[in-house]
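Single-structure report; data block below.
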Amino acid sequence: MKVLLDGDTIQARISELANEIEADYPPGEEIHMVCVLKGGFVFMSDLVRSMSVRVTMDFIAVSSYGSGTKSSGEVRFQKDLDSSLENRHVIIVEDIVDTGLTLKYLREILRSRAPKSLRSACLLSKRSRRKVDVPVEYIGFTIEDEFVVGYGLDYAEKYRNLPHISVLQG
Ligand code: PRP
């Protein structure tokens, strides 16, 4: 495995992202952070601890439908949110945006729940893999099309706990 982004580099970028986010919302407004499990949990944990505005959190777990419908990006909710999004500033927190299908679908579903605003924060973006145009307001790093693990990202459920992001070489 080759280290692509070490822990210090990731932490430094997350702190910049936290500042960017805080500067974008009116002072005193609460931000509701929605983490997409499983991969998003490490990024979520560091991002919220870098923020000093008032935040609340919720978690959603999704999985893709079978290969037949995967290209639609439609996802099955394995765990839905616990609380309403109505009239809240919501940020979806993801580890990676690849084709963009999952995020596009999620944004549509969450938008229908009437948040005051809806944005996305993704630690990694594989721009060259995008199949649909989906807004991602906060991106940590744009990376090449390589298989990456660590910092929440897995290969067969392994490596999520690595403090850095590595390229898994075949
Ligand atoms: C990853 C990632 C996004 C999705 C991105 O989740 O967390 O949810 O894939 O891919 P897309 O842009 O092509 O739709 P994964 O299915 O690996 O689940 P996990 O987070 O539980 O590991």
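The values are calculated or read from the model by the stated rules, or taken from the named source; none is laboratory data. Model, not experiment: these values are computed from the prediction. All Cβ positions, even for glycine, are placed from backbone atoms using ideal geometry, and neighbour counts span all protein chains on display. Calculation scope for accessible area: heavy atoms of the full protein, side chains included, ligands and nucleic acids excluded. Shrake-Rupley method; radii C 1.70, N 1.55, O 1.52, S 1.80 Å.
By how many nm would the segment from Asn87 to Ser50 lengthen if fully extended, with 0.36 nm per residue of separation less the alpha-carbon distance?
10.9 nm
Which of the helices in the chain, when you take each full DSSP H run, stretch at least 24 Å along the axis at their Cα atoms and have an average Kyte-Doolittle score of -0.5 or higher?
Going by DSSP H runs, the hits are 7-24.
Pop out the carbon and sulfur fraction of the accessible area of the chain as a percent, whole number, probe 1.4 Å.
Ligands and nucleic acids excluded, carbon and sulfur give 48 percent.
Find the Rg to Rh ratio for the chain, where Rh is the Kirkwood radius over alpha-carbon pairs and Rg uses the same atoms.
Radius of gyration over Kirkwood radius for the chain works out to 0.95.
If we count every other residue with Cβ under 11 angstrom of Gly152's Cβ, Lys/Arg +1 and Asp/Glu -1, where does the sum land?
Net charge in that neighbourhood comes out at -2.
Give the relative contact order (percent, whole number) for the chain; include only Cα pairs under 8 Å separated by 6+ residues.
24 percent
In Å and from the alpha-carbon atoms only, list the Rg and Dmax of segment 94-170.
My reading of the Cα-based Rg and Dmax gives 13.6, 45 Å.
How much FRET efficiency would the formula 1/(1 + (r/R0)^6) give for Glu16 and Asp154, where r is the Cβ-Cβ distance and R0 is 30 Å, rounded to 0.05?
It comes out at approximately 0.70.
Can you list residues from other chains, or at least 5 along the same chain, whose modelled amide H is less than 5 Å from the amide H of Leu118?
The list, which skips near neighbours in sequence, is Val90.
Which of Asp95, Asp24, Asp80 ends up with the largest GNM mean-square fluctuation for the chain, with Cα atoms connected below 10 Å?
With Cα springs under 10 Å in the chain, the top fluctuation among Asp95, Asp24, Asp80 is at Asp24.
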